[in-house]
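The values are calculated or read from the model by the stated rules, or taken from the named source; none is laboratory data. Small disclaimer: the values here were computed from a predicted structure and weren't measured. Please note: Cβ atoms are built from the backbone with ideal geometry, for glycine as well, and neighbour counts cover all protein chains shown.
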């Protein structure tokens, strides 16, 4: 992992591709072939006895399939091998408890993608301040948007190189994600302070020192109005479609426009998260967050026929808002960015952090008077302040007393860790 004082770091960079109609068709064909290859491999894996489920037998099956099925031949051989390696790794992740078992990939919900495992075949070259060129197997020489300095040409060397790439399609078109490996000096221990972070809906990020990071709407007023019109149009056209009929071209076009606006909102949200998490990682040496179970938080309140739920529409709206904030993605970014700057990220148990008073440590009923104000009802305290900052201070206090959440087998286990630093007075 390290070579002297150098540490290997791997990251990805995503850039927009500029494809003609013929090149889009070629990329679509390869992506569908890769998805079909995955499904055929999954069916073969389930039919074969356990002693035959080896990498060598699977490789032989993939080679035969590419010879027998013409539409699989459009997928480059290296991309087919990448599908095989990804599938085998998916089973390893399942056996080790890191993920669920792999399954069939549907045509509609699956992400269209093609892997290019070897970086030397890309032949990347910068031709303009804003544009670069890259070789895509069986597609050709393609132009892409140059938004980040990549290790190509004279900049490429033993200390930084591109190991491969992946073609990905979303509602905004085809993109290429480069896999970049660099050897950087090992970061010195971060000398910044400690900060507890409380995530929320009204205030996205509230820190224990009183700092807040907020954002506005991801779509403008015109874009929001257009999205509302498109959703209404889609509902009207869907109402006139009979059960079992194919989706009309007009309805499919409306769905594509809706997906484009939502993808644009997601791209803006991700950009805000990238900038915000980078700022936090540069300032603070230790970042403390809650070990939230977001999957349980966004469960539907519909209930059953015998016991129907209450406030189902309100809970559904809250679930959509929580999903839009993407708290898990924020924690993931903070994890690798704090490590890059020499800091660390710690998770603490979540229960009670918003109801407990950060001044006296007592939980009393009615202290959370509103979404924004916390007033301690303890007669001996009476502290009042911002509710989000109060929760962030409680999160930081749990870390300081050594109560951290250790992930184990897909769940968070709370344990009292050995104190690294003495407690700091509030």
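Out of curiosity, is residue 241 without any contact (Cβ under 8 Å) to a residue 12 or more places away in the chain, farther than 30 Å from residue 390 by Cβ and surrounded by 12 or more Cβ atoms within 10 Å (Cβ to Cβ)? Let's see the steps before the verdict.
Working: without any contact (Cβ under 8 Å) to a residue 12 or more places away in the chain: yes; farther than 30 Å from residue 390 by Cβ: yes; surrounded by 12 or more Cβ atoms within 10 Å (Cβ to Cβ): yes.
The answer is yes for residue 241.
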Query raised in the report: Can you find a residue in segment 300-318 that is touching a helix residue (DSSP H, G or I) at 6+ places or on another chain (Cβ under 6 Å), assigned by TED's automatic domain parsing to the domain that holds residue 262 and modelled with pLDDT under 90?
Result: yes
Query raised in the report: Being closer than 30 Å to residue 290 by Cβ and part of a loop (DSSP other than H, G, I, E, B), is that true of even one residue in segment 241-257?
Result: no
Query raised in the report: Among the candidates 286, 254, which residue alone is at pLDDT 80 or above, buried (at least 18 other Cβ atoms within 10 Å of the Cβ) and over 24 Å from residue 214 (Cα atoms)?
Result: 254
Query raised in the report: Looking only at segment 199-211, which residues are closer than 16 Å to residue 326 by Cβ and not in a loop (DSSP other than H, G, I, E, B)?
Result: 199, 205
Requested in this report: Only one of these is touching a residue at least 24 places away in the same chain (Cβ under 8 Å), under 21 Å from residue 344 (Cα atoms) and in contact with a helix residue (DSSP H, G or I) (Cβ under 7 Å, 6 or more places away or on another chain): 261, 183, 292, 219. Name it.
Outcome: 292
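Answer yes if at least one residue in segment 267-288 is in a loop (DSSP other than H, G, I, E, B) and under 25 Å from the mean Cα position of the chain (by Cα), and no otherwise.
Within segment 267-288, one or more residues are in a loop (DSSP other than H, G, I, E, B) and under 25 Å from the mean Cα position of the chain (by Cα).
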Requested in this report: Could you check, for segment 25-39, whether at least one of its residues is part of a loop (DSSP other than H, G, I, E, B) and either touching a strand residue (DSSP E or B) at 6+ places or on another chain (Cβ under 7 Å) or surrounded by 15 or more Cβ atoms within 10 Å (Cβ to Cβ) (or both)?
Outcome: no
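When you look at residue 359, is it in contact (Cβ under 8 Å) with a residue 12 or more places away in the chain and touching a helix residue (DSSP H, G or I) at 6+ places or on another chain (Cβ under 7 Å), yes or no? Lay out the reasoning, then the answer.
Details: in contact (Cβ under 8 Å) with a residue 12 or more places away in the chain: yes; touching a helix residue (DSSP H, G or I) at 6+ places or on another chain (Cβ under 7 Å): no.
When the stated conditions are applied, residue 359 does not pass them.
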Query raised in the report: Which members of segment 48-75 meet the condition of being in a helix (DSSP H, G or I) and either in contact (Cβ under 8 Å) with a residue 40 or more places away in the chain or not assigned by TED's automatic domain parsing to the domain that holds residue 114 (or both)?
Result: 71
Query - residue 81 free of Cβ contacts under 8 Å to residues at least 40 places away in the same chain, more than 24 Å from the chain's Cα centre (by Cα) and surrounded by fewer than 18 Cβ atoms within 10 Å (Cβ to Cβ) - result: yes
Requested in this report: Residues being in a loop (DSSP other than H, G, I, E, B) and either under 16 Å from residue 324 (Cα atoms) or in the same structural domain as residue 331 (by TED's automatic domain parsing) (or both): count how many of those fall in segment 221-240.
Outcome: 0
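Considering only residues that are in contact with a strand residue (DSSP E or B) (Cβ under 9 Å, 6 or more places away or on another chain) and exposed (fewer than 15 other Cβ atoms within 10 Å of the Cβ), look in segment 174-208 and name the one that is nearest to residue 398 (Cα to Cα). Before the answer, list the steps.
From segment 174-208, those in contact with a strand residue (DSSP E or B) (Cβ under 9 Å, 6 or more places away or on another chain) are 174-187, 190, 192-200, 203-208; that's our starting set.
Adding the requirement that they be exposed (fewer than 15 other Cβ atoms within 10 Å of the Cβ) leaves 182, 184-187, 193.
Details: 182: 36, 184: 34, 185: 33, 186: 29, 187: 27, 193: 16 Å.
Looking at the filtered set, the residue picked out is 193.
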